[in-house]
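Colleague: Handing you a structure now.
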Amino acid sequence: MTSVVDPLFDLASLTKPLVTAPLALAYLELDADRRWQLGFRDRPEPLTVRQLLSHSAGLSPWRPFTGEPVAVQLKKPVPTDPLLRPAVVGGSTYSDLGYRLLAELLEAELGLPWRELGATVSGLSPSPWRPTPVDLPPGRDREAWALATDLPFPEAHAGEPHDANARAGMIGHAGFAASAPQFEPALRTWIGAGWPSRMAVPTAKTMEGQIWGLGLQNAQRGPGRFAELLTRIPEGLGGLHLLAEGAVDAPSPAPILEGPPGEMTEWWFHTGYTGPLLCVRPSDGCVVALLIHRLGPDGTLLSEEALRGRRWGLLARLADTLLG
């Protein structure tokens, strides 16, 4: 690939496992009931950090950041939409709201802004940034924003993250970035602190059968799934393997994703909406990371399937390299 000098990558939801989850695991009690502290006074079930980390607190995937407490927002009726749908306590439903609540707990208990805490422990860059990452057009959040509130959609400005909620001020779920030279030492610090093994603990399951730990999702077998590539990487290899995208090429299609997820593997992962991928195998300390962008060669936002093709192609290239 054509090299680019120190491009900045918006890490988007990789902020969750690299910033918010380590802080929560270090400073918050996993099983204390936080219902009252977080305003969920009518909730019959406990609300714990363990649930928030594993997306099993029964929170909807998303709400626009309006400054209202999450508990208040979730009581308001909203139209039917995949991002706004209700969830069930105990089963995983991927939710930005849970990581917002984790960040609020951290600020309350440690008395420091979440971005300051995150920058200190991670070595990554909180927004606003300079230089600006690759600009992306709005995604699904613009449509869902208009369905859930009359407030104007927060437009992008130089140095601000792609994620609308992060631009609006919502903490915990997104808002950090890195160049490739910056990302490598940050990941080595994250690995050295033992966070992969702390997060790779089966905790809750989605309706589709995916398994979440305390900040990472298990990579399960099945046609078209990343585990089919990851399990080719030899055991005992260990270490950090980072590939940063250069030129933005048109992605080739990934193999067709077929059926429900299969058996668990030793690999765990997380993706970012803007493109990056983080995969870990705690058994031997192997970490694979891709820094990629979601723009196609014509400058448009890639669909989720096209983005999967880009990740698949780069991950396959890296797996072949590691096989020798």
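The values are calculated or read from the model by the stated rules, or taken from the named source; none is laboratory data. Just so it is clear, the structure is predicted and the values come from calculations on it, not from any experiment. Ideal geometry is used to build each Cβ from the backbone, glycine not excepted, and the neighbour counts take in all protein chains shown.
Colleague: Conditions: (1) loosely packed, with under 13 Cβ neighbours inside 10 Å; (2) on the phi < 0 side of the Ramachandran plot. M264 meets all but one. Number of the miss?
Modeller: Status for M264: all satisfied but (1).
Colleague: Out of the residues in the range 84-122 that are touching an Asp or Glu at 6+ places or on another chain (Cβ under 7 Å) and part of a loop (DSSP other than H, G, I, E, B), which is farthest from L23 (Cα to Cα)?
Modeller: V89
Colleague: Just to be sure before I move on: is G224 over 28 Å from E68 (Cα atoms), free of Cβ contacts under 8 Å to residues at least 24 places away in the same chain, surrounded by fewer than 18 Cβ atoms within 10 Å (Cβ to Cβ) and out of contact with any Lys or Arg (no Cβ under 7 Å at 6 or more places or on another chain) in the structure I sent?
Modeller: The answer is no for G224.
Colleague: Also, quick follow-up: Give S125, S92 a once-over and let me know the one that is under 16 Å from the mean Cα position of the chain (by Cα), among the small types (G, A, S) and closer than 13 Å to G175 by Cα.
Modeller: Checking each option against the conditions leaves just S125.
Colleague: Could you please give the count of residues in the range 55-75 that are more than 11 Å from A87 (Cα to Cα) and of a type in the set (G, A, S)?
Modeller: Total meeting the criteria: 2.
Colleague: While we're looking at this one, here's another question. Among the listed residues L18, L28, L53, L14, which satisfies the condition of being surrounded by fewer than 22 Cβ atoms within 10 Å (Cβ to Cβ), closer than 23 Å to P126 by Cβ and among the aliphatic types (A, V, I, L, M)?
Modeller: L28
Colleague: In the list S3, S60, S54, which residue meets the criterion of being hydroxyl-bearing (S, T, Y) and at pLDDT below 95?
Modeller: S3
Colleague: So A204 passes all but one of these: (1) out of contact with any Cys (no Cβ under 9 Å at 6 or more places or on another chain); (2) free of Cβ contacts under 8 Å to residues at least 60 places away in the same chain. Which condition number does it fail?
Modeller: (2)
Colleague: Sort through S179, S122, S197 and tell me the only one that's polar (S, T, N, Q), closer than 17 Å to L11 by Cβ and surrounded by fewer than 21 Cβ atoms within 10 Å (Cβ to Cβ).
Modeller: The conditions single out S179.
Colleague: If you don't mind, another one. Can you tell me which residue within the range 227-256, out of those that are in contact with a Cys (Cβ under 7 Å, 6 or more places away or on another chain) and crowded, with 16+ Cβ neighbours inside 10 Å, is nearest to W312 (Cα to Cα)?
Modeller: Filtering the range 227-256 for residues that are in contact with a Cys (Cβ under 7 Å, 6 or more places away or on another chain) and crowded, with 16+ Cβ neighbours inside 10 Å, the one nearest to W312 (Cα to Cα) comes out as L230.
Colleague: Working carefully through the options L214, L237, L229, find the one that is aliphatic (A, V, I, L, M), touching a residue at least 40 places away in the same chain (Cβ under 8 Å), touching a Leu at 6+ places or on another chain (Cβ under 9 Å) and not in a loop (DSSP other than H, G, I, E, B).
Modeller: The match here is L229.
Colleague: For the range 264-305, how many residues meet the condition of being closer than 30 Å to G236 by Cα, not hydroxyl-bearing (S, T, Y) and not in a loop (DSSP other than H, G, I, E, B)?
Modeller: Residues in the range 264-305 being closer than 30 Å to G236 by Cα, not hydroxyl-bearing (S, T, Y) and not in a loop (DSSP other than H, G, I, E, B): 17 in total.
Colleague: Starting from residues that are more than 16 Å from G224 (Cβ to Cβ) and free of Cβ contacts under 8 Å to residues at least 12 places away in the same chain, keep the ones in the range 298-320 and report whichever is surrounded by the fewest Cβ atoms within 10 Å (Cβ to Cβ).
Modeller: The residue in question is D298.
Colleague: Sort through F183, F153 and tell me the only one that's of a type outside the set (K, R), assigned to a loop (DSSP other than H, G, I, E, B) and at pLDDT 95 or above.
Modeller: The conditions single out F153.
Colleague: Do you know which residues across the range 57-78 are over 21 Å from D163 (Cβ atoms) and either buried (at least 20 other Cβ atoms within 10 Å of the Cβ) or not β-branched (V, I, T) (or both)?
Modeller: Correct list: G58, A71, K75, K76, P77.
Colleague: Something else: In this structure, does P133 turn out to be touching a residue at least 40 places away in the same chain (Cβ under 8 Å), touching a strand residue (DSSP E or B) at 6+ places or on another chain (Cβ under 8 Å), outside any helix (DSSP H, G or I) and surrounded by fewer than 20 Cβ atoms within 10 Å (Cβ to Cβ)?
Modeller: So P133 fails the test.
Colleague: Now for a different question. Residues in the range 147-154: is at least one free of Cβ contacts under 8 Å to residues at least 12 places away in the same chain and surrounded by fewer than 21 Cβ atoms within 10 Å (Cβ to Cβ)?
Modeller: Checking the range 147-154: at least one residue is free of Cβ contacts under 8 Å to residues at least 12 places away in the same chain and surrounded by fewer than 21 Cβ atoms within 10 Å (Cβ to Cβ).
Colleague: Specify the residue that is nearest to W212 (Cα to Cα); the eligible residues are those in the range 267-297 that are charged (D, E, K, R) and buried (at least 21 other Cβ atoms within 10 Å of the Cβ).
Modeller: This residue is R281.
Colleague: May I pose another question? Which pairs do you get when a residue that is in contact (Cβ under 8 Å) with a residue 12 or more places away in the chain, found in the range 166-195, comes within reach of a residue that is assigned to a loop (DSSP other than H, G, I, E, B) and of a type in the set (A, V, I, L, M), reach meaning Cβ atoms under 6 angstrom, with the pair 6+ apart or on two chains?
Modeller: A166/A174; F176/L11; F176/L124; A177/L11; A178/L124; A186/L124
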